[in-house]
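Please read the structure below before turning to the comments.
The values are calculated or read from the model by the stated rules, or taken from the named source; none is laboratory data. Just so it is clear, the structure is predicted and the values come from calculations on it, not from any experiment. Here Cβ is always computed from backbone atoms with ideal geometry, including for glycine, and neighbour counts include all displayed protein chains. Ligands, DNA and RNA are stripped out before the accessible areas are found, and what is left, the full protein with its side chains, is counted by its heavy atoms. Shrake-Rupley method; radii C 1.70, N 1.55, O 1.52, S 1.80 Å.
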Amino acid sequence: MTEPVRLSKRMSELGLCSRREADEWIEKGWIRVDGKVVDVLGTKVLPDQRISVERQAAAEQSKRVTILINKPMGFVSGQAEDGYKPAVALVEAATRWDQDQVDTQFHPTQLRSLVPAGRLDIDSVGLLVLTQDGRIAKHLIGEDSSVDKEYLVRVQYSKPGKLPDSDLKRLNHGLSLDGKALKQAKVVWQNEDQLSFTLHEGKKRQIRRMCELVGLKVIGLKRVRIGRVKLGDLPTGQWRYLRPDEQF
């Protein structure tokens, strides 16, 4: 017999919402299991039980915003640290891109529960996603996420001559970090001092550490794409809403 699991965990597995959202909805009586309202946190369910969500939950979820920022250098992705401001501090009416195509009006309440869906180092720039939607966060940074990310990386070779083709192949597949083999990447030259990296994982300072292993020093790093969503012409330090027709 299959073991029962927590209702909030099962809802997250089904992609209905994040676990935190599930707990909120359960407490509000917005969740039914096999047609019966469940409002007790920690309730367990079997995989074949039918879970349904009341309209109020769907309406609340539809109001949640996802914001794309072109993060400048010197801002951290998440919580403020060591005197550096978090990227969410950039989100205000004055810094919204004037070419944003979404007709949503900005309101400071949208900053509540707005969390980064992925990291971007303090000395890296480019596309950063902040979201109130647990489904998007799980899709981008969950353990089973398959969303790829593309970076443009300016490098300097620390040895005479050019980076050997064998080391370029190792950047694509064959390196390990922290004792664990990295997933296959796509690394190609864009010009004589710039590489394009496409990754399917996001270990801390991964690209910089990969480059160090083959004698490359990173001079600049910019994330330009997450899945099917591109940074495009969004100016540095400005933000826009994710459009309804855009999907990662």
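Assorted remarks:
- Across all directions, the shadow cast by the convex hull of region 156-236 built on its C-alpha atoms averages 6.1 square nanometres.
- In loop segments of region 42-131 as defined by DSSP, the GluC sites (Glu not before Pro) with at most 15 further C-beta atoms inside 10 Å of their C-beta are GLU54, GLU92.
- Rough spin-label spacing in nm, given labels placed 7 Å along Cα→Cβ, for ASP82 and THR198: 3.3
- Top positive-direction residue, dipole computed over region 42-136 with Cβ charges, set THR95, GLN110, LEU46: LEU46
- Packing order of peptides 140-153, 213-226, highest average first: 213-226, 140-153 (average count of other Cβ atoms within 10 Å over each peptide's residues).
- Loop trypsin sites (Lys or Arg not before Pro), region 54-116 (other Cβ atoms within 10 Å of the site Cβ: 14 or fewer; DSSP): LYS63, ARG112
- A 1.4 Å probe run over region 105-214, with the rest of the protein chains in place, finds 56 Å² accessible per residue.
- Note on the chain: with charges restricted to the Cβ of Lys and Arg (+1) and Asp and Glu (-1), its dipole about the Cα centre is near 460 debye.
- Charged side chains reduced to their Cβ positions (Lys and Arg at +1, Asp and Glu at -1) give region 103-195 a dipole of some 220 debye around its Cα centre.
- Globularity index of region 77-126, i.e. its alpha-carbon radius of gyration over 2.2 N^0.38 Å: 1.28
- Two-site FRET efficiency, ALA59 against LYS183, from Cβ-Cβ distance with R₀ of 22 Å, rounded to 0.05: 0.05
- Helical content of the chain, expressed as a calculated mean residue ellipticity at 222 nm, amounts to -5000 deg cm²/dmol (DSSP H runs of 4 or more residues, -39,500 (n - 2.57) each, divided by residue number, nearest 500).
- If the convex hull is drawn through the Cα atoms of region 105-163, its volume per residue in Å³: 144
- Heavy-atom accessible area ranking, 1.4 Å probe, most first, across TYR157, TYR241: TYR157, TYR241
- Comparing Cα centroids, region 186-248 and region 154-181 end up 17 angstrom apart.
- Accessible surface of the chain, 1.4 Å probe, proportion on carbon and sulfur as whole %: 47
- P(r) for region 1-99, from all Cα pairs and a bin width of 10 Å, is 14, 33, 19, 21, 12, 1 %, short bins first.
- 20 °C / 1.002 mPa s Stokes-Einstein diffusion coefficient of region 45-107, Kirkwood radius on C-alpha pairs, µm²/s: 140
- The largest-to-smallest principal axis extents of the Cα set in the chain are 71, 52, 36 Å.
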